[in-house]
Amino acid sequence: MLERMEGADNGLACLHDEDYDVPFNKQNLNSSMLIFTGGRKAESLNGEWNFCVDLLDTGLRQKWFSFTPEAPEDKTEPYDYDPYAGETVPVPSCWSMLKDKWYFFEGSAWYTRSLDLEEVRKDERLFLRVGAAQYDCKVFLNGEFLGNHYGGSTPFNVELTDHAKPGRNWLMLCVNNTRTLDRVPMRNTDWFNYGGIYRDVELYRTPKTFISDFFAYLVPDSSYDKIAVELQVNGPDRAPVTVEFKELGIKSEVPIDEDGFGKLVIPSKPELWSPEHPRLYQATASVGEDRVEDMIGFRQIDQVGTDVLLNGKPIFFRGISVHEDDEFTGKVLRDEDLEQRFRHAKELNCNFMRFAHYPHDERAAKMADREGILLWEEIPVYWAIDFKNTDTLNDARNQLQELIKRDRNRASVVIWSVGNENPDTDERLSFMKHLVDTAKEMDPTRLTSAACLVNHTKNRIEDRLIQHINVIGINEYYGWYEENFDDLIDFLDNSEPGKPVVISETGADGYIGEGKLEKGFFSESYMAEVYRKQIATLRQREFVKGISPWILYDFRVERRQNMFQQGWNRKGLIASDKKTKKTAFKLLADFYAELKAKN
Ligand code: GCU
């Protein structure tokens, strides 16, 4: 029997053991393990990896990770898969996009590659970094299970130091994208459930003591005359860390406490970062042999009453929502795709983008810093979530912590959103308040929000979460899902939000391909009419401080199958080719140009 393979405790037991996966679900690779990588040398592990889909988790049952390399002709027992031979796929990639037979595949898949290390020096530490793997990623090195990470859009690290050996090592990642009741998001989303390792995989070497976190910001006390640095050191030494901002004439020693933490407030009046003036300063931090760096923009964002203030001045978010989705690469983000996204946002005269509904590739926020585009970043607490489940809360909180640790040096990020279109229940309120509190604890320099639903019973803004967030996101589809468009102005007049409102979604499908309609639902002209009426109405109410219509590009989704959708959501201002603009594009661009000129 196959299950008698080496490493399987008792062959037959494997066939009857449905708790086979319990030992491999520690979720121990979390935000506390993340290391700061700015300025570090990354050794790329991208490229061809051996690959096998594994729908029934035969790999965990038979313990494929315990197999050792052996030529086929030398095998002495039958086997179902050899991790060291056979088909390969490129990393990063989404398996859904590689072969038709994997398009809708949901389950586990095994990635295997060698890792050749000339030496593992005694005075250095070795870390694996995975930019993102959708959803659960179990890590094995030389047959040893090192842990697993939950969350499909945030990076994680694994320390390999005491597990790697000089010479050839074998790295195996088992990635599982199954939608389940306890995950974040749960089972039902309006975006495609890609699977795979779809961002970079890298190796980092650090000294025994190194800087694992580095956060620099303008102290948000409206004096604009001091900056703060927060540092976390990992390792035995507690020598002070030297931080330097050459252009500001700053070179300071930050004392490190017994827990490895250090914070210093330094008098300085940097040029302020803004969309009009996206000024960045090079920052370095060093201790012993370790040195990290980052590009920092200094700015202050506040919510005062129904206003959002950037550096003390009221702003209006001229936005657009964006998914991370591509006709050819799925969720893998190519540089040219990112450049095109920002080019289109600028053509729309945007100063804001909503990165929906999950953390996007970290290159996007770095580009926003350089381009001067403000960002709303979000974790996928989307629609129905098991709000009663503490494991689910821990998963959501960890994804938020990983996002904040990854991006809190990004001046462009001004809003952390803790969810989208969740029901206003007691359990959801408690769950989301925990997340809002986490964001505030980790980062005093940003606003919190969530995309809330219209209370259709009363046709007004009413959601108990609002008391805990700074900016009220509202997804409203008057003219599309809410057919009586005239209810929009009533909705606005019925609402006394008391805080700034961002219309985080509005729009309509417009199909422009083969067999398109000239008028009516799903026609380009109807979509344009919805935009005309939305713009004309929303601009009438002062407490609306921003709009991020849904959405820049058509995007892939399983649940949209009518003859105009064919597996796509067609609300894009630009079609899925990311070239063909629909009529509504210019309507929004002209509106934003008018607002921009008034500024
Ligand atoms: C919802 C949801 C989006 C979805 C959109 C739509 O508001 O937040 O994820 O794609 O509406 O129905 O197109």
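Per 5 Å bin, what percent of the C-alpha pairs of the stretch 168-316 does each bin hold, from zero upward?
Pair shares across the bins are 2, 8, 14, 13, 11, 10, 13, 14, 10, 5, 1, 0, 0.
Projected onto the charge dipole of the chain (+1 at Lys/Arg Cβ, -1 at Asp/Glu Cβ, origin at the Cα centre), which of 29, 262, 547 gives the Cα projection farthest towards the positive end?
547
Per residue, how much accessible surface does the stretch 483-599 expose to a 1.4 Å probe? Answer in Å², no decimals.
Per-residue accessible area for the stretch 483-599 comes out at 43 Å².
Please report, to two decimal places, log10 I(q)/I(0) for the stretch 76-156 at q = 0.15, 0.19, 0.20, 0.26 Å⁻¹ as given by the Debye formula with identical point scatterers on the Cα atoms and no solvent.
-0.74, -1.11, -1.20, -1.54
When the C-alpha atoms of the stretch 470-576 are aligned to their principal axes, what extent does each axis show, in angstrom, from largest down?
Projected onto its principal axes, the Cα set of the stretch 470-576 covers 46, 26, 19 Å.
Cα-based Rg of the stretch 1-144 per 2.2 N^0.38 Å, rounded to two decimals?
1.17
Could you pull out every residue, at least 5 positions away or on a different chain, whose amide H is within less than 5 Å of the one on residue 523? Hs are placed 1.01 Å off N in the peptide plane, and Pro or chain starts have none.
511
For residue 474, which sequence-distant residues (separation of 5 or more, or a different chain) have an amide H within less than 5 Å of its own amide H, given hydrogens modelled in the peptide plane?
Placed amide hydrogens put 452, 502, 503, 504, 505 under 5 Å from residue 474.
Ordered by residue, what ³J(HN,Hα) values in Hz, to whole numbers, does the stretch 338-355 give under the Karplus form 6.51 cos²θ - 1.76 cosθ + 1.60, where θ = phi - 60° and Gly and Pro are x?
With coefficients 6.51, -1.76 and 1.60, one gets 5, 4, 5, 4, 6, 5, 5, 5, 5, 5, 7, 6, 6, 10, 8, 9, 9, 7 Hz.
How large is the translational diffusion coefficient of the stretch 279-436 in µm² per second when you combine the Kirkwood radius over alpha carbon pairs with Stokes-Einstein at 25 °C and 0.890 mPa s?
142
Antiparallel DSSP bridges in the chain: what percent, to the nearest 5?
Taking every DSSP beta bridge with both residues in the chain, the antiparallel ones total about 70 percent.
Step through the residues of the stretch 110-116 one at a time and calculate ³J(HN,Hα) from phi using the Karplus curve (6.51 cos²θ - 1.76 cosθ + 1.60, θ = phi - 60°), rounding each to whole Hz and writing x for Gly and Pro.
Each residue of the stretch 110-116 in turn: 9, 10, 9, 8, 7, 9, 9 Hz.
Tell me the angle of helix 426-442 to the major Cα principal axis of the chain, expressed in degrees between 0 and 90 and rounded to the nearest ten.
80
Go through 359-367, 503-511 and give me the packing order, highest mean Cβ count within 10 Å leading.
503-511, 359-367
Relative to the present Cα-Cα distance, how much length would full extension add between residue 228 and residue 562 at 0.36 nm per residue of separation?
Working: separation 334, 0.36 × 334 = 120.24 nm, distance 5.34 nm.
Separation in residues times 0.36 nm, less the Cα-Cα distance, equals 114.9 nm.
log10 I(q)/I(0), Debye, Cα-only the stretch 319-404, no solvent, q = 0.24, 0.27 Å⁻¹?
For the stretch 319-404 at q = 0.24, 0.27 Å⁻¹, log10 I(q)/I(0) is -1.20, -1.39.
Taking every pair of distinct Cα atoms and averaging 1/r, then inverting, what Kirkwood hydrodynamic radius in Å comes out for the stretch 358-408? Don't skip to the end; give the middle numbers.
Numbers: mean 1/r = 0.0817 Å⁻¹.
Taking the inverse mean of 1/r over all distinct Cα pairs, the stretch 358-408 comes out at 12.2 Å.
Starting from the eigenvalues of the Cα gyration tensor, five times each then square-rooted, give me the equivalent ellipsoid semi-axes of the chain, largest first, whole Å.
That gives 41, 32, 21 Å for the three semi-axes.
Using a cut-off of 26 Å between alpha-carbon atoms, which lysines can reach residue 41, once sequence neighbours fewer than 8 places away in the same chain are excluded?
Within the straight-line limit of under 26 Å, residue 41 reaches these lysines: 122, 138, 165, 208, 246, 251, 263, 331, 366, 405.
Hey, what do the phi angles of the stretch 562-570 turn into as Karplus ³J(HN,Hα) couplings, whole Hz, using 6.51/-1.76/1.60 and θ = phi - 60°, x for Gly and Pro?
6, 5, 8, 9, 6, x, 10, 8, 9
Restricting attention to the alpha-carbon atoms of the stretch 114-163, what are Rg (one decimal) and Dmax (integer), both in Å?
12.0, 34
Quick check: the distance between the Cα centres of the stretch 148-169 and the stretch 486-500, to the nearest angstrom?
Between the Cα centre of the stretch 148-169 and that of the stretch 486-500, the gap is 50 Å.
When only alpha-carbon atoms count, how far does the stretch 151-227 stretch along each of its three principal axes, as whole angstroms with the largest first?
49, 46, 20
Across the stretch 85-232, how large is the tail of the calculated P(r) beyond 26 Å, expressed as a percent of all Cα pairs? List each step's numbers first, then the result.
Numbers: 4347 of 10878 pairs.
For the stretch 85-232, the share of Cα pairs beyond 26 Å comes to 40 percent.
Using a 7 Å offset from the Cα along the Cα-to-Cβ direction at both residue 101 and residue 73, what is the distance between the two label points in nm, to one decimal?
Each label point lies 7 Å from its Cα, and together they span 2.8 nm.
Report the calculated FRET efficiency for residue 516 and residue 181 (r = Cβ-Cβ distance, R0 = 41 Å), to the nearest 0.05.
On the way: r = 38 Å, r/R0 = 0.94.
Between residue 516 and residue 181 the formula returns 0.60.
Length gain on complete extension for the stretch residue 18 to residue 597, per 0.36 nm per residue less the alpha carbon to alpha carbon distance? Walk me through the intermediate numbers first.
Numbers: separation 579, 0.36 × 579 = 208.44 nm, distance 6.36 nm.
Full-extension gain reported as 202.1 nm.
What are the trypsin sites (Lys or Arg not before Pro) within the stretch 534-599 that DSSP puts in a loop, where the Cβ has at most 10 other Cβ atoms within 10 Å?
Listed in order of number, the matching sites are 579.
Could you please state how large a percent of the accessible area of the stretch 111-242 is carbon and sulfur, counting protein chains only and using a 1.4 Å probe?
46
Using the heavy atoms of the protein chains and a 1.4 angstrom probe, tell me the accessible area per residue for the stretch 82-146 in square angstrom.
Computed with neighbouring chains in place, this is 36 Å² per residue.
Hey, what D do you get for the stretch 79-122 in µm²/s if you plug the Kirkwood alpha-carbon radius into Stokes-Einstein at 10 °C and 1.306 mPa s?
Taking Rh from Cα pairs, D becomes 120 µm²/s.
Between residue 32 and residue 162, how high is the FRET efficiency from 1/(1 + (r/R0)^6) when r is the Cβ-Cβ distance and R₀ = 22 Å? Nearest 0.05.
Numbers: r = 18 Å, r/R0 = 0.81.
That gives a FRET efficiency of 0.80.
Taking N as the number of residues in the stretch 357-514, what is its Cα Rg relative to 2.2 N^0.38 Å?
1.09
Treat every Asp and Glu Cβ in the stretch 266-339 as -1 and every Lys and Arg Cβ as +1, leave all other atoms uncharged, and give the resulting dipole magnitude about the Cα centre to the nearest 20 debye.
That gives the stretch 266-339 a dipole magnitude of about 600 debye.
The values are calculated or read from the model by the stated rules, or taken from the named source; none is laboratory data. Predicted model only: the values in this text are computed from it and were never measured. Here the Cβ is made from the backbone with ideal geometry for all residues, glycine too, and neighbour counts use every protein chain on show. The area values use the complete protein model at the heavy-atom level, side chains included, leaving out ligands, DNA and RNA. Shrake-Rupley method; radii C 1.70, N 1.55, O 1.52, S 1.80 Å.
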